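Beneath this line is the structure, given in structure tokens, with notes to follow.
The values are calculated or read from the model by the stated rules, or taken from the named source; none is laboratory data. Note that the structure is a prediction, hence the values are computed from the model and not measured. When we count neighbours, we look across all protein chains shown, and the Cβ atoms used for this are built from the backbone with ideal geometry, even at glycine. Only protein heavy atoms, including side chains, enter the accessible area calculation; ligands, DNA and RNA are left aside. Shrake-Rupley method; radii C 1.70, N 1.55, O 1.52, S 1.80 Å.
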Amino acid sequence: MEFSLNTKILELNSFKNFYDTFTLTNEDLILTNEFIYNPYLKSFNLPCHIIFLEKYGSGEPTDTMINSILKEIKNKNITRIIAIGGGSILDIGKILALDSKDNTANLFLKNVEPKKNKALLAIPTTCGTGSEVTNISVAFLEKENIKLGLAHKELFPDYAILIPEFLETLPEKFFFTSSIDALIHGIESFLSPKGTFHSDIFSRKGIELLVGGFKTLQLKGINFRFSILKDFLRGSNLTGISFGNAGCGAVHALSYPLGGRFHIPHGESNSLLLISTLRKYKEKKPHGKINELENILSSILNVPSENSIEELEKLIESLFPKKSISDYGISKDIFLEFAEEVLEKQQRLLNNNYTSLTKEDIINIYYNI
Ligand SMILES: [Fe+2]
């Protein structure tokens with residue numbers, strides 16, 4: 001089993017430190033949002049090209065959005081992409097760093113081989129995706145009406161730069177959904193059959209930082225997050241490294257139809273599915289790595305191992321109560337269709353499951369959200 005870390009990781013205190021460390025020129029392109037640029041970057045009068053993602057569309061990345069940006073930068077001499085933002089911006093940055101024309105759908109459909117021709121610096125402003133250290137990009141292909149992930153070594157950022165001050169603007173809801181997503185990366189990669197001794201170290205430490213952070217916020221209140229942002233940023237980075245190696249599984253796979261068809265944000269749809277999936281795993285294969293996970297949770301939450309999944313659910317629920325599936329306009333009649341789509345399209349993720357799941361199991365997980 002192989003473990004690799006392909007991205008250099010740098011922790012800096014502020015954008016000013018970044019500015020002093022990396023000399024920016026007119027060959028740099030910064031992809032970000034205006035709400036990040038205005039408070040943190042604007043005063044530096046940067047000499048580089050700046051693109052605000054929101055000018056090209058909202059929500060999760062689509063091939064149309066990416067194609068429009070590619071068209072915009074086509075005739076510019078850009079040698080370095082600096083992506084400062086959440087998962088969408090980092091994922092799009094990975095595509096912009098490729099020698100791609102305007103054929104984004106072809107990349108995701110694997111009709112063309114990705115080839116990187118620019119350096120990529122990834123600066124996350126959420127504590128969730130781990131995208132700054134992975135080789136995965138996800139986009140919704142409009143013509144094909146499907147959300148697909150592309151995993152390729154050419155997508156690894158050259159640098160992941162962790163700057164906690166960027167997390168200060170993250171609204172409470174996004175703080176939770178992104179950090180729960182990060183926790184799920186740690187849990188899924190820990191349970192993945194592709195997990196190794198080394199990836200497990202990253203999963204464990206990431207889970208400790210994130211669940212420990214949630215526990216602290218439950219005790220001290222949500223505003224205390226501003227004092228422990230670095231823990232969440234590090235936790236998300238560590239679980240990004242572990243899932244970049246061992247992969248994510250059923251939670252992410254089952255979340256695709258919720259995101260793709262009902263546009264529920266990634267972290268939110270994953271958090272709907274986490275506990276239901278863990279309960280199904282426990283029912284189907286009660287003994288194995290899941291017991292080690294229970295032990296990790298048990299020592300962080302200070303509860304008996306056999307209660308740890310239930311206690312994790314209570315902890316998450318106390319900070320970020322789940323909505324019911326009908327609140328999203330989803331009828332339970334569609335679960336069979338979801339399960340068939342997942343089995344047909346998400347084998348890449350299902351291969352990383354703790355134990356194999358049948359169509360009935362998957363339907364059952366959706367029912368028990
Ligand atoms: Fe995720």
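Some values worked out for this structure:
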read-out: Two-site FRET efficiency, THR21 against THR169, from Cβ-Cβ distance with R₀ of 25 Å, rounded to 0.05; value: 0.70
read-out: Nitroxide proxy distance, nm - points 7 Å out along Cα→Cβ at ASN38 and ASN13; value: 2.7 nm
read-out: Fraction in percent of alpha-carbon pairs per bin - 10 Å, the range 171-367; value: 9, 38, 38, 14, 1
read-out: Cα-Cα separations in the range 149-199 greater than 16 Å, expressed as whole percent; value: 66 percent
read-out: log10 of Debye I(q)/I(0), alpha-carbon scatterers only, for the range 37-184 at 0.09, 0.12, 0.17 Å⁻¹; value: -0.26, -0.48, -0.99
read-out: For the range 124-165, the fraction of alpha-carbon pairs in successive 10 Å shells from zero, as %; value: 25, 42, 27, 6
read-out: Most positive-pole-ward Cα, LEU229, LEU183, SER255, against dipole of the chain from beta carbon charges; value: LEU229
read-out: Dipole magnitude of the range 8-166 about its Cα centre (Cβ charges: Lys, Arg +1; Asp, Glu -1), debye to nearest 20; value: 320 debye
read-out: Charge tally in the Cβ shell below 9 Å around THR129, where Lys, Arg are +1 and Asp, Glu are -1, THR129 excluded; value: -3
read-out: Nearest-0.05 FRET efficiency for SER4 and SER318, computed from C-beta distance (R0 45 Å); value: 0.75
read-out: Accessible-area composition of the range 171-367, carbon plus sulfur, in percent [1.4 Å probe]; value: 52 percent
read-out: About the Cα centre, charge dipole magnitude for the range 243-341 (Lys/Arg +1, Asp/Glu -1 at Cβ), debye; value: 100 debye
read-out: Listed peptides 316-323, 57-64 by packing density, highest first (mean Cβ within 10 Å); value: 57-64, 316-323
read-out: Scattering profile of the chain at q = 0.11, 0.13 Å⁻¹ [log10 I(q)/I(0), Debye over alpha-carbon scatterers]; value: -0.72, -1.02
read-out: Those trypsin sites (Lys or Arg not before Pro) in the range 84-158 that DSSP places in a loop and that have at most 13 other beta carbons within 10 Å; value: LYS101, LYS110, LYS115, LYS143
read-out: Cβ-based charge dipole, the chain, positive-most Cα from HIS152, SER276, ILE369; value: HIS152
read-out: Within-15-Å neighbourhood charge of LYS282 [Cβ basis; K, R +1; D, E -1]; value: -4
read-out: Net dipole in debye of the chain [+1 Lys, Arg Cβ; -1 Asp, Glu Cβ; about Cα centre; nearest 20]; value: 400 debye
read-out: Estimated [θ] at 222 nm from DSSP helical runs (n ≥ 4, -39500 (n - 2.57)) normalised by residues in the chain, nearest 500; value: -15500 deg cm²/dmol
read-out: Rounded to the nearest 10 Å², the accessible area of ASP99 at probe 1.4 Å; value: 80 Å²
read-out: Surrounding net charge for THR62, when Lys and Arg each add one and Asp and Glu each subtract one, Cβ distance under 12 Å; value: -3
read-out: Value of Rg to Rh for the range 99-216 (Rh from inverse mean 1/r over Cα pairs, i.e. Kirkwood); value: 1.00
read-out: Cα-Cα over 23 Å, subset of LYS194/LYS284; LYS8/LYS115; LYS147/LYS332; LYS8/LYS345; value: LYS8/LYS345
read-out: Sites LYS55 and ILE334 - FRET efficiency at Förster radius 41 Å, r taken between beta-carbons, to 0.05; value: 0.75
read-out: Antiparallel bridges, percent of DSSP beta bridges restricted to the chain (to nearest 5); value: 25 percent
read-out: Viscosity 1.567 mPa s, temperature 4 °C, Stokes-Einstein D of the range 1-53 from Kirkwood C-alpha radius, µm²/s; value: 100 µm²/s
read-out: Area of THR358 that stays accessible when all protein chains are in place (1.4 Å probe, Å², to 10); value: 60 Å²
read-out: Cα-projected label distance for ILE222 with SER356, points at 7 Å along beta-carbon direction, nm; value: 4.3 nm
